Each structure stands twice: as structure tokens, then as C-alpha cells.
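The block underneath contains the structure these notes are about, expressed in C-alpha cells.
The values are calculated or read from the model by the stated rules, or taken from the named source; none is laboratory data. Bear in mind the structure is a predicted one, so any value in this text is a computation, not a measurement. For neighbour counting, all protein chains shown are included, and Cβ atoms are generated from backbone atoms with ideal geometry for every residue, glycine included. Just so you know, the surface numbers come from the protein's heavy atoms only, side chains and all, with ligands and any DNA or RNA stripped out. Shrake-Rupley method; radii C 1.70, N 1.55, O 1.52, S 1.80 Å.
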Amino acid sequence: LPALCAMKLHLDNNANTNIITGYGEDHVLINKVRHEGNLLVTAGEVVGGWASGGFDALSADDFEAVRALGVEIVLIGTGRRQRFPAPVLLRPLIDARIGFEAMDLAAACRTYNILVGEGRSVAAALLFDPPR
């Protein structure tokens, strides 16, 4: 019988990859650097000032900016709770055949880290709720 060989599996921790290292109701930490306000995150880019009006003011132009990132999958973090943008607003993603999923902010952060760790072409579009 052939001998079995062992293979060690580990996460390739590329210093140039944006990883979400923490989050709260009003911020995320990307590679341990705090970011506040709505933003887009990809493995190689952080874009602040996205969707400045928040969830209730989302527009097709906001999703056009997401489309321009050139990713295959978009995770839409909708704040404290899962909400769904109007389908008409998502037309730029649909037309570009970009997959998307809406989830609460915490789930979007966790899922982004898993997918980026797998080397997937993913963006997190993160929205924060206004202060209570």
C-alpha cells in the first residue's frame, strides 16, 4: 500500500489583504485600523463615504459604485438587522452578473473574512445604523 503523506493546512495571512479584525455598531476594524461610516471593503481596497445617506437613502448609483469594484460576490451588511434593498436598486449588480447577499453587519463581516480567506473575489458593502 502507498504511504499516506500529511499536509498541513493553514490560512495564508497575506499582509496586503484586508481582513475585518473587529466590528461594532458604529465601526469596523480593518487590519486593526478603525473605520467609521458606511464603506466598501475588498481584499485590496477600502472605500469610505459609500452610501452616505444610509440604508433608507440607498440608490442605484451606490450599487453602481459597488459594481465598479469588479468583484464576483457582494455582501451587503445592513446594520443591526437584516434588511433587503429594493430590487430596482440592485440592477447594476444584476446586469453585471455579480452575486449578492443581504445580511446584518456582523454576519457580513464574518462571511467576508471567510470568503476573502478562500481567495474569493468578494466585497463587503457595510452600512451602519444611525446612532440611537
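Summary of values
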item: Unmet requirement for ALA107, which otherwise passes all of (1) in a helix (DSSP H, G or I); (2) of a type outside the set (Val, Ile, Thr); (3) open to solvent by 40 Å² or more (accessible area, probe 1.4 Å); result: (3)
item: Unique residue being open to solvent by 20 Å² or more (accessible area, probe 1.4 Å), within 15 Å of ALA124 (Cα to Cα), modelled with pLDDT of 95 or more and not small (Gly, Ala, Ser) when the list is LEU75, LEU69, LEU89, LEU93; result: LEU69
item: Selection count where residues are over 22 Å from ASP95 (Cα atoms) and within 14 Å of the chain's Cα centre (by Cα), scope the range 48-70; result: 1
item: Whichever residue in the range 27-43 is more than 14 Å from ALA125 (Cα to Cα) and assigned to a loop (DSSP other than H, G, I, E, B) and, among such residues, is nearest to the chain's Cα centre (by Cα); result: ASN31
item: Residue within the range 46-59 that is in a loop (DSSP other than H, G, I, E, B) and either open to solvent by 60 Å² or more (accessible area, probe 1.4 Å) or touching a Cys at 6+ places or on another chain (Cβ under 8 Å) (or both) present; result: yes
